[in-house]
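Comments concern the structure below.
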Amino acid sequence: MTGQPKIEIFNTTDELFHAAAEAIAGYLAAAIRARGRASFVLTGGNTPKAVYELLAASPLSEHLDWRQVLLFWGDERCVPPDDPASNYGMAWRTLISRLLIPAENIHRILGELADPTEAAELYENGIRSTFPRESPPSFDLVLLGMGDDGHTASLFPGTTWDEERWVVANYVARLESNRVTMTPRILNAARKILFLTSGSSKASALAGVLEDRTGAYPAKRIQPQSGDLTWMVDKAAASLLRHDAR
Ligand code: 6PG
């Protein structure tokens, strides 16, 4: 990591969502200017929905050429794409269906496969063939959320994974369900990682991740090797951070 994470705190979720959408459009546009295309890893959960809708609507939708954006997912639930729980499905409804993005730019995790390990292997192989010269690739932007328990993507407390792999299947006993998730190995190679977190239920985990060296919060494992890490949070989520962090 090039330095300490940057923490941006907003008074309201509305301000947070607008600032996040503007920041995302800015990073992607800059990547396209620099390298001709932008790779963007999406997150699931509820927090990004409004952000995706803002990105897909005027004026932000005109800020970049979405035909040059490659979409990936940091994690997926093991459900078909039209299931209400699908992370791909959520991104389709709020973002993709509203923009002109070529189908070949959309790299979704096959949550519908009966074997999540196969879905993880296929996804990792697909990433390898999209970025044949990078091992692992440096995604231009990785968007992540965090759960109340400090999980991020589908890296949950109490779960383990093969640290060498880029994508793994992860069984989450608390949810009694399988997930497919990118691992810190590939996530930390990103040029830019942006966490979006809101609400008082996240306050304890946020303080744990940013300030407590001992807690077993998987979100702590997100430390880009040479990229930047920014946390965009609302005041409620930041309420337990030490005064000097606010
Ligand atoms: C998912 C995720 C997950 C999510 C957090 C936060 O598939 O659920 O990608 O890591 O980002 O659980 O979710 P909320 O935004 O709903 O709090």
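Structure values in brief
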| quantity | calculated |
| --- | --- |
| Of all residues making up region 116-144, the number that are surrounded by 22 or more Cβ atoms within 10 Å (Cβ to Cβ), under 16 Å from the mean Cα position of the chain (by Cα) and not hydrophobic (A, V, I, L, M, F, W, C) | 2 |
| Residue list for region 56-81, restricted to those being more than 16 Å from the ligand (Cβ to nearest atom) and touching a helix residue (DSSP H, G or I) at 6+ places or on another chain (Cβ under 9 Å) | ALA56, ALA57, LEU60, SER61, HIS63, LEU64, ASP65, TRP66, ARG67, GLN68, VAL69, LEU70 |
| Residue that is farthest from the ligand (Cβ to nearest atom) [pool: residues in region 140-155 that are over 16 Å from GLY208 (Cβ atoms) and assigned to a loop (DSSP other than H, G, I, E, B)] | ASP140 |
| Qualifying residue in region 40-50 (condition: more than 16 Å from the ligand (Cβ to nearest atom) and modelled with pLDDT of 95 or more) | no |
| Count - residues of region 55-76 that are surrounded by 22 or more Cβ atoms within 10 Å (Cβ to Cβ) and farther than 24 Å from PHE131 by Cα | 1 |
| Long-range neighbours under 6 Å by Cβ, at least six apart or interchain, first residue over 29 Å from ALA85 (Cα atoms) within region 27-46, second aliphatic (A, V, I, L, M) | ALA29/LEU64; ALA31/ALA38; ILE32/ALA38 |
| Any hit, region 1-15, residues being farther than 30 Å from GLN225 by Cα and surrounded by 14 or more Cβ atoms within 10 Å (Cβ to Cβ) | no |
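Each row is one residue, and each column tells you yes or no for (1) over 29 Å from ALA29 (Cβ atoms); (2) at pLDDT 95 or above; (3) in a loop (DSSP other than H, G, I, E, B).
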| residue | (1), (2), (3) |
| --- | --- |
| VAL168 | yes, yes, no |
| ALA189 | no, yes, yes |
| ARG213 | yes, no, yes |
| ALA216 | yes, no, yes |
| THR230 | no, yes, no |
| VAL233 | no, yes, no |
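The values are calculated or read from the model by the stated rules, or taken from the named source; none is laboratory data. Note that this is a predicted model, so its numbers are computed, not measured. Don't worry about glycine lacking a Cβ; one is built from the backbone with ideal geometry, like all the others, and counts go over all protein chains shown.
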